[in-house]
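Have a look at the structure below before the remarks.
The numbers here are math on the coordinates, done by the rules we state, and not lab data. Owing to the predicted nature of the structure, the values given are computational and were not obtained by experimental measurement. Heads up, the Cβs are rebuilt from the backbone with ideal geometry, glycines too, and the neighbour counts pull from every protein chain shown.
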Amino acid sequence: MILNKSLWLICWVMASSALMGQSLSLRVMSMNMREGGEPANYNAEAYSNCIRQYNPDVVVFQEMDNFTNRNGKKDLLSEMAVRLGMFPYYGKAFSYGGGDYGNAILSKYPFYNAQTITAKPAGANEIRSCAWIDIVMPNKRKVRVAVTHLDVASDSQVRISMLATINKSILNENALPILLIGDFNATPDSDTMQYAKFKWQDIGAGTGNTIPSNNPGSRIDYVMGNPSNWIKKSYDIVCYPGLSDHCFIVAEVEYP
Amino acid sequence: MTSIIIVTAITTGFLFSSCDNPAEEDKGYEAPAPPTEINTRNVLELEFYSKLNGESLFDNTGYQTIIDNISNNTKTLAYFFDRSDAVIGETSPIVDIGWKTKTKSFFVQNDYTDTSIQGTGIIVRPIINNFEGTGIPDTLFVGGCTLMAPLGKAVTLTLSTCQLNDKYQFAAFVKALQNLANNNKLILGTIKSNIANDLAQYLKTNMKDFRLYESDNQEKPYQLFVLSPVSFVVRAVIFENNTNIPAYKFQIEYLN
């Protein structure tokens with residue numbers, strides 16, 4: 001009897017160790033909705049159909065409306081979550097048009113922690129937010145996925161200031177591997193991205209342009225990782241002018 | 001010699017008298033009794049749906065009555081759905097209820113496999129900037145929404161949930177609640193009936209400044225519990241069977 005229990009315990013420890021030893025693999029997608037989904041007439045089904053093709057674990061959104069007048073008082077995020085079988089988290093930046101405007105996340109797995117921070121650095125056009133969720137993957141590895149949309153102001157100090165706020169909020173409090181994904185409104189050689197790379201790995205370095213979606217000429221959307229040993233398994237830029245002025249990123253990434 | 005006899009006699013007498021009046025056993029922390037008079041302006045309402053039998057909450061009969069209840073009742077601050085289990089990649093009942101009632105949905109997992117997740121859903125009305133949680137795989141998940149309660153004066157609360165199945169979870173549970181008193185955290189959850197008394201005893205010796213309510217229905221496999229700072233007290237728990245799913249309406253007073 002004791003032998004059986006010991007054997008069971010050894011098996012359990014070995015199985016747990018094997019699971020914990022597995023690398024963290026995640027398929028992520030980034031979508032800038034352009035004015036809450038205006039190009040697709042705020043149609044959740046259109047965006048859901050696009051997302052479904054790529055079967056992501058996590059989708060992050062910028063420019064997501066929540067019950068605004070212009071989107072017909074719809075909760076587009078929750079509707080997409082229902083259609084896709086995912087869990088939603090909305091990160092409000094500011095009140096807008098009878099509702100809310102900001103970033104959002106859909107996750108295939110439930111999140112046990114989620115937060116939104118907002119900031120309006122001097123010179124910024126509007127309040128911007130960064131939202132994140134913490135997930136335990138099926139192999140029990142934890143990961144934090146964050147989304148942001150940096151200000152479009154001409155002065156890069158505005159974006160750098162927001163990045164500093166983000167770094168302070170999400171990097172210092174724990175040792176989870178983190179992905180920071182979104183529209184940085186800055187090209188790879190800009191001061192903003194040079195600053196970003198002090199703390200973040202540009203996982204898609206060298207990949208294609210992301211805007212405008214009908215003829216991409218600039219790269220301003222990124223998947224960034226911290227610590228800096230994320231591995232890019234695949235990284236695709238997919239363009240749907242009928243859905244957004246940005247191309248979307250679909251990336252499969254791994255953390256050892 | 002006489003003095004030795006006197007000292008011995010006094011000491012012996014003291015020892016015997018001590019045996020006659022043993023020092024009271026340390027029973028741990030006891031919360032002060034709440035005031036008898038209820039300030040109705042400071043009473044908040046929460047609804048907890050549970051079968052208390054360890055089975056999934058939703059079956060083929062669906063949850064339209066719950067959707068109607070939430071849509072028609074704006075007084076309840078938050079709704080909890082014990083064992084509102086989900087299947088990975090399929091529509092989660094709690095997300096669907098959130099979308100159909102124009103509320104925000106959250107989900108605190110308890111246990112999961114590669115394909116399915118057991119857990120407790122939370123429905124609230126406002127956008128939540130801070131969904132605060134702890135996730136320790138194979139041990140404990142706790143999660144909750146921080147929101148403003150419209151009481152006599154606005155009070156910021158964190159409404160959390162978890163399920164306790166075994167005594168080994170207690171230490172992690174207490175650690176997750178270290179700042180209970182400072183942060184106005186209320187935890188509504190379920191606990192296996194056979195360890196409910198053990199939790200009460202464990203908390204008495206490992207925490208202070210709290211109130212614990214346990215539903216004391218030993219005939220069910222699970223009981224409800226509410227753990228709060230002493231500044232809150234459960235005034236009433238009303239069993240409701242308006243929907244096809246058992247619900248318990250908690251009336252909790254903020255003592256201030």
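Using the Cα gyration tensor of the stretch A:22-255, with a ≥ b ≥ c the square roots of its eigenvalues, what is the shape: rounded (a/c below 1.5), prolate (a/b larger than b/c) or oblate (neither)? Taking the square roots of the gyration eigenvalues as a ≥ b ≥ c, the stretch A:22-255 is rounded.
Shape summary: the stretch A:53-116 maps onto an equivalent ellipsoid whose semi-axes, from the alpha-carbon gyration tensor, are 21, 13, 9 Å in decreasing order. For A:Ser78, neighbours were defined as the other residues whose beta-carbon sits under 11 Å from its Cβ, and their charges (Lys and Arg +1, Asp and Glu -1) total +2.
Taking amide H as placed 1.01 Å from N in the peptide plane, the amide H of B:Arg211 sits under 5 Å from that of B:Ser228, B:Val230, each at least 5 places away or on another chain.
Among rounded, prolate and oblate, which fits the stretch A:147-256 when a ≥ b ≥ c are the square roots of the eigenvalues of its C-alpha gyration tensor, a/c under 1.5 means rounded, and a/b larger than b/c means prolate? In terms of gyration-tensor shape, oblate. Restricting the trypsin sites (Lys or Arg not before Pro) of the stretch B:176-256 to loop positions (DSSP other than H, G, I, E, B) with no more than 10 neighbouring Cβ atoms within 10 Å leaves nothing.
For A:Asn69 and B:Asp26, a Förster radius of 45 Å and the Cβ-Cβ distance give a FRET efficiency of 0.15, rounded to the nearest 0.05. Length gained on full extension, B:Ile136 to B:Val230: 31.1 nm, using 0.36 nm per residue less the C-alpha separation. Rounded to the nearest 20, the size of the Cβ-charge dipole of the protein assembly as shown about its Cα centre is 400 debye, with Lys and Arg at +1 and Asp and Glu at -1. Between B:Asn72 and B:Tyr168, the simple label model (points 7 Å from Cα in the Cβ direction) yields a spacing of 4.7 nm.
The fraction of all Cα pairs in chain B landing in successive 10 Å bins from 0 to the largest distance is 7, 28, 33, 16, 5, 4, 4, 2, 1, 0, given as whole percents. Of A:Tyr47, A:Asn167, A:Ser244, whose Cα points farthest to the positive end of the dipole of chain A (charges on the beta-carbon: +1 Lys, Arg; -1 Asp, Glu; origin at the Cα centre)? Towards the positive end, the residue furthest out is A:Asn167. For B:Arg83, nonlocal amide neighbours, meaning residues 5 or more places apart or on other chains whose placed amide H falls under 5 Å from its own, are B:Gly119, B:Thr120, B:Gly121.
Each principal axis of the Cα atoms in the stretch A:120-175 has its own extent, and those three values, largest first, are 44, 17, 14 angstrom.
Rounded to the nearest 0.05, the FRET efficiency derived from the C-beta distance between B:Lys220 and B:Thr65 at R0 = 30 Å is 0.85. Backbone N atoms of the stretch B:105-133 closer than 20 Å to the 7 Å Cα→Cβ label point of B:Thr156 belong to residues B:124-133. Summary of the geometry: the stretch B:209-256 and the stretch A:162-215, compared by the centres of their Cα atoms, lie 46 Å apart. Phi-derived couplings, Karplus 6.51 cos²θ - 1.76 cosθ + 1.60 at θ = phi - 60°, listed residue by residue for the stretch B:125-136: 8, x, 5, 10, 7, 10, 9, 9, x, 10, x, 10 Hz, with x used for Gly and Pro.
With R₀ set to 51 Å, the beta-carbon distance separating B:Asn244 from A:Ala164 gives a calculated FRET efficiency near 0.45.
Restricting the calculation to alpha carbons of the stretch B:101-142 gives Rg and Dmax of 11.9, 33 angstrom.
Looking at the stretch A:166-256, which GluC sites (Glu not before Pro) are DSSP coil and have at most 16 other C-beta atoms within 10 Å of their C-beta?
Values: sites: A:Glu173, A:Glu252, A:Glu254; in loops: A:Glu173.
Qualifying residues, ordered by number: A:Glu173.
Whole-Hz Karplus values for the stretch B:107-118 come out as 9, 9, 6, 10, 8, 7, 10, 5, 10, 9, 9, 9 Hz, taken residue by residue from phi with 6.51 cos²θ - 1.76 cosθ + 1.60 and θ = phi - 60°; glycine and proline positions read x.
Within the set of other residues whose C-beta is less than 11 Å from the C-beta of A:Leu243, count the net charge using Lys and Arg as +1 and Asp and Glu as -1. Write down the numbers at each step before the final one.
Working: positive: A:Arg34; negative: A:Glu38, A:Asp245.
Around A:Leu243, the surrounding residues sum to -1.
Charged side chains reduced to their Cβ positions (Lys and Arg at +1, Asp and Glu at -1) give the stretch A:22-255 a dipole of some 640 debye around its Cα centre.
Average partner chain C-beta neighbours within 10 Å, per residue of A:86-99?
For this peptide, the per-residue mean of nearby foreign Cβ atoms is 3.
Could you give the Stokes-Einstein D for the protein assembly as shown in µm² per second, using the C-alpha Kirkwood radius, 4 °C, 1.567 mPa s? Display every interim value, and only then the final one.
On the way: Rh = 24.9 Å.
Roughly 52 µm²/s, to the nearest whole number.
Label point of A:Ser95 set 7 angstrom out along Cα-Cβ; within the stretch A:63-84, amide nitrogens under 16 Å from it belong to A:66-70. I'd like the antiparallel share, as a percent to the nearest 5, of DSSP beta bridges with both residues in the stretch A:22-255. Looking only at bridges with both residues in the stretch A:22-255, the antiparallel portion is about 85 percent.
From the square roots a ≥ b ≥ c of the eigenvalues of the alpha-carbon gyration tensor of the stretch A:33-81, which class results: rounded (a/c under 1.5), prolate (a/b over b/c), or oblate? Prolate is the answer for the stretch A:33-81, as a/c is 1.5 or above and a/b outweighs b/c. Among all the lysines, which ones have a C-alpha under 22 Å from A:Lys199's C-alpha, if same-chain residues fewer than 8 places away are not counted? Cα-Cα hits under 22 Å: A:Lys120, A:Lys142, A:Lys168, A:Lys232, A:Lys233.
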